[in-house]
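> This structure is in structure tokens; I'll ask about it shortly.
The values are calculated or read from the model by the stated rules, or taken from the named source; none is laboratory data. Being a predicted model, the structure only gives us computed values, none of them experimental. Here the Cβ positions follow ideal geometry from the backbone for every residue, glycine too, while neighbour counts run over all protein chains shown.
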Amino acid sequence: MLDISKIRAITLDLDDTLWPIWPAIERAENALAAWLGQQAPGAAAVFADPDARLAVRQEVVRCRPEIGHDLGTLRRESIRLALHRANEDTSLAEPAFEVFFAERMRVDFFDDALPALAFLAARFPMVALSNGNADLGRVGVAEFFVAGLSASEFGVGKPDPRIFHAAASSAGVAADAVLHVGDDAALDVLGGLGAGMQTVWVNRSDHLWTHDVHPHETVTTLSALCDLLRAVPERAQ
């Protein structure tokens with residue numbers, strides 16, 4: 001059970017917590033394929049084949065394990081490798097990635113997300129904490145957050161406690177004064193618990209909990225999370 005009296009800040013996951021990620025990724029993949037089809041048909045053929053696309057990605061990870069946590073760089077370098085193997089211009093990797101990234105930022109929020117962000121940000125400093133590469137400004141939610149940490153920028157991702165502790169520091173509080181909210185049982189809940197935080201699991205799809213330790217609360221919507229925190233007064237601005 002949450003101890004609301006201890007919460008001084010909230011860290012919040014993004015993908016699949018505020019919006020479903022796979023529709024955005026699918027649109028981005030399609031946009032990338034169409035662009036490459038015009039500019040680099042050899043590389044486009046690689047990305048049209050799921051097995052070939054996966055093989056290229058795995059080769060990049062094998063050769064450059066240090067970027068495995070950085071999804072944007074990993075995708076950019078996968079495009080570059082596909083261009084190289086097709087004897088096409090590898091400088092196209094940058095504009096090709098931007099085509100992908102622009103669509104990846106065009107997310108469709110869950111209906112409860114924006115009202116919940118407004119409610120929570122009025123009561124707590126909030127820090128976005130993501131293993132993905134969403135840009136808060138381009139997605140359109142930067143106004144709700146005092147900071148944002150991603151695995152690509154920080155160098156390690158969830159569930160490593162270091163990124164949780166850095167997020168707490170960016171909010172100006174200790175880890176045990178933070179409530180971490182997210183959809184992923186291992187990355188968000190176990191990661192947050194391991195970092196000494198209270199946690200709320202956003203379980204929109206009625207998944208079973210299979211771990212020995214449990215979140216402090218489980219909700220099916222962010223509206224339900226707001227209901228849990230309804231007694232917290234708004235902060236002085």
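> Under the condition of being of a type in the set (S, T, N, Q) and free of Cβ contacts under 8 Å to residues at least 24 places away in the same chain, which residue from the stretch 181-237 is nearest to A116 (Cα to Cα)?
T220
> Confirm whether S91 is assigned to a helix (DSSP H, G or I), of a type in the set (S, T, Y) and without any contact (Cβ under 8 Å) to a residue 12 or more places away in the chain.
yes
> Is there a residue in the stretch 161-176 that is within 17 Å of L2 (Cβ to Cβ) and touching a Ser or Thr at 6+ places or on another chain (Cβ under 6 Å)?
No, that holds for no residue.
> Looking at T221, is it within 12 Å of T17 (Cβ to Cβ), out of contact with any Ser or Thr (no Cβ under 6 Å at 6 or more places or on another chain), surrounded by 11 or more Cβ atoms within 10 Å (Cβ to Cβ) and in the same structural domain as D13 (by TED's automatic domain parsing)?
yes
> For the stretch 108-128, state whether one or more residues are part of a strand (DSSP E or B), of a type in the set (G, A, S) and surrounded by 14 or more Cβ atoms within 10 Å (Cβ to Cβ).
yes
> If you take the residues of the stretch 153-208 that are of a type in the set (D, E), in a helix (DSSP H, G or I) and modelled with pLDDT of 95 or more, which of them is surrounded by the fewest Cβ atoms within 10 Å (Cβ to Cβ)?
Filtering first and then ranking leaves D176.
> Would you check which residues across the stretch 129-151 are closer than 14 Å to L14 by Cα and either of a type in the set (S, T, Y) or part of a loop (DSSP other than H, G, I, E, B) (or both) and list them?
Within the stretch 129-151, S130, N131, G132, N133, A134, D135, G140, V141, F145, S150 meet the criteria.
> In addition: Restricting attention to the stretch 16-50, report how many residues are farther than 30 Å from D206 by Cα and of a type outside the set (D, E).
18
> Further, regarding this structure: What's the number of the condition H69 fails, among (1) surrounded by 15 or more Cβ atoms within 10 Å (Cβ to Cβ); (2) within 25 Å of R138 (Cβ to Cβ); (3) modelled with pLDDT of 95 or more?
Among (1) surrounded by 15 or more Cβ atoms within 10 Å (Cβ to Cβ); (2) within 25 Å of R138 (Cβ to Cβ); (3) modelled with pLDDT of 95 or more, H69 violates only (3).
> If the Cβ limit is 7 Å and pairs must be 6+ apart or interchain, which residue in the stretch 21-36 that is farther than 21 Å from S91 by Cβ pairs with which residue that is surrounded by fewer than 17 Cβ atoms within 10 Å (Cβ to Cβ)?
Close Cβ pairs satisfying both conditions: P23/D108; A24/R106; R27/R106.
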